[in-house]
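A short worksheet on the structure shown next.
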């Protein structure tokens, strides 16, 4: 299993991340999640029947999501880059106040994406179930760590 742990990574942030401009960190974080949305969007549309199920395309999008979970996002969460600190972000300060909870949400996402990959090419029904699990992890994290707009 992938050993991507956000809490230890977040602990190492201050020296490197504080040197980065907060606005640039926010833009990079938004860029990362834009890539996640770009890959997840077609999977969700196939799962909901909003576009035809295509096993090859589903597998490709799922594979790309797995690749994105291998990226070390620790520098995207520099202290001082919450919505309380910087305009243009929805990240709550709770990310830094509850690093353990945030890490748990991140691990749930990574695990759901790993399970999505084999389900993506197995059929629309299997894809829909796996997409639901990934989407649930997104919602759970957004509920606790993202400002409601």
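Summary table
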{"item": "Unmet requirement for residue 104, which otherwise passes all of (1) touching a residue at least 12 places away in the same chain (Cβ under 8 Å); (2) over 14 Å from residue 31 (Cα atoms)", "result": "(1)"}
{"item": "Count - residues of the range 54-92 that are in a loop (DSSP other than H, G, I, E, B), within 16 Å of residue 117 (Cβ to Cβ) and in contact (Cβ under 8 Å) with a residue 40 or more places away in the chain", "result": "1"}
{"item": "Residue tally, condition under 15 Å from residue 130 (Cβ atoms), within 12 Å of the chain's Cα centre (by Cα) and touching a residue at least 60 places away in the same chain (Cβ under 8 Å), over the range 24-53", "result": "1"}
{"item": "Some residue of the range 18-41 being at negative phi, in a loop (DSSP other than H, G, I, E, B) and touching a helix residue (DSSP H, G or I) at 6+ places or on another chain (Cβ under 8 Å)", "result": "yes"}
{"item": "Matching residues, the range 132-149, being surrounded by fewer than 16 Cβ atoms within 10 Å (Cβ to Cβ), without any contact (Cβ under 8 Å) to a residue 60 or more places away in the chain and either part of a helix (DSSP H, G or I) or touching a helix residue (DSSP H, G or I) at 6+ places or on another chain (Cβ under 7 Å) (or both)", "result": "136, 139, 140, 142, 143, 144"}
{"item": "Single unsatisfied condition, residue 72 versus (1) loosely packed, with under 15 Cβ neighbours inside 10 Å; (2) modelled with pLDDT of 95 or more; (3) under 28 Å from residue 26 (Cβ atoms)", "result": "(2)"}
{"item": "Meets criteria (more than 15 Å from residue 30 (Cα to Cα) and either buried (at least 20 other Cβ atoms within 10 Å of the Cβ) or touching a strand residue (DSSP E or B) at 6+ places or on another chain (Cβ under 9 Å) (or both)) for residue 129", "result": "no"}
{"item": "Pairs with Cβ under 9 Å, 6+ apart, first in the range 112-123 and on the phi < 0 side of the Ramachandran plot and surrounded by fewer than 20 Cβ atoms within 10 Å (Cβ to Cβ), second in a loop (DSSP other than H, G, I, E, B) and modelled with pLDDT under 95", "result": "114/1; 114/2"}
{"item": "Among the residues listed as 105, 87, the single one being within 19 Å of residue 147 (Cβ to Cβ), surrounded by fewer than 16 Cβ atoms within 10 Å (Cβ to Cβ) and either within 11 Å of the chain's Cα centre (by Cα) or at pLDDT below 95 (or both)", "result": "87"}
{"item": "Residues of the range 45-62 that turn out to be farther than 16 Å from residue 125 by Cβ and surrounded by fewer than 14 Cβ atoms within 10 Å (Cβ to Cβ), as a count", "result": "1"}
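The values are calculated or read from the model by the stated rules, or taken from the named source; none is laboratory data. Everything quoted here is computed from the prediction, not taken from an experiment. Don't worry about glycine lacking a Cβ; one is built from the backbone with ideal geometry, like all the others, and counts go over all protein chains shown.
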